[in-house]
1. When you go through (1) β-branched (Val, Ile, Thr); (2) under 18 Å from Val134 (Cα atoms); (3) surrounded by fewer than 20 Cβ atoms within 10 Å (Cβ to Cβ) one by one for Thr95, which number turns out not to apply?
2. Restricting attention to the range 164-201, report how many residues are within 27 Å of Glu122 (Cα to Cα), of a type in the set (D, E, K, R) and in contact (Cβ under 8 Å) with a residue 40 or more places away in the chain.
3. Which residues, counting only those in the range 150-163, are under 18 Å from Ser125 (Cβ atoms) and surrounded by fewer than 21 Cβ atoms within 10 Å (Cβ to Cβ)?
4. Given the structure, is Ala169 assigned to a loop (DSSP other than H, G, I, E, B), on the phi < 0 side of the Ramachandran plot and hydrophobic (A, V, I, L, M, F, W, C)?
5. The conditions are (1) at pLDDT below 95; (2) assigned to a loop (DSSP other than H, G, I, E, B), and Gln120 fails exactly one of them. Which is it?
6. Which of the residues that make up the range 194-213 are over 16 Å from the mean Cα position of the chain (by Cα) and under 15 Å from Arg12 (Cα atoms)?
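The values are calculated or read from the model by the stated rules, or taken from the named source; none is laboratory data. Just so it is clear, the model here is predicted, and its values are computed rather than measured. As a convention, Cβ positions derive from the backbone with ideal geometry for all residues, glycine included, and neighbour counts pool all protein chains shown.
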Amino acid sequence: MDITWYGHSCFRLGERGVTIVTDPPSDDMGYDRPRIRADVITVSHEHPGHNNRIGFRGGPRVFDGPGEYEVKGVFITGIATYHDGRRGATRGRNTVFLFEFGGITVCHLGDLGHVPTQTQVEALSDVNVLLIPVGGLHTIDAAKAAEVISLLEPNLVIPMHYKTPVEKAKLHTVSKFLKEMGLASIPPVPELKVSKSSLPAETEVVLLDHKRP
């Protein structure tokens, strides 16, 4: 499976002819929005930085809420969560998406704003690759992100939704998160190829450089 980051919370997940795009951003976020073929688009919540459904080839199916779906052998589960720590009273709802394909389970937390409940942790207990917001302010911050990781124990962690040189939103940089994880700076890679056999036994953090289309 190939994982490419387009900035903010937008990833391309590709495996065996199936392409999934998560949380495509609006054009004013500072990133070049992907204009690619997609089979599936997921939208964690209806904020402009996460719900740009236009410009994709292939007539993709769009999933924007909780439920169980299947597209071309890929099983997708949407889990209801909140965008804040007050059960949605401040920023509303958020959908966490699980993608099961190629023997690997990828979890995109969207704009999760709280530490998951025990029931939610159980639903996310088999995650191999965790795509997690770490920039705070509008989502969980670096400390809570580290707490979520300790609860879910994924094999790979890819941070998202943090300040970069082109990011327009007022977020924290990824350095705070790395410090919380006890890590020094990590050189970003352009994309990540993941297979079941390549998954590390212990949790490992990978930084992706955002792709310029």
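1. (3)
2. Residues flagged as within 27 Å of Glu122 (Cα to Cα), of a type in the set (D, E, K, R) and in contact (Cβ under 8 Å) with a residue 40 or more places away in the chain within the range 164-201 amount to 2.
3. Ser150, Leu151, Leu152, Glu153, Asn155
4. In short, yes.
5. It fails just one condition, (2).
6. Arg212, Pro213
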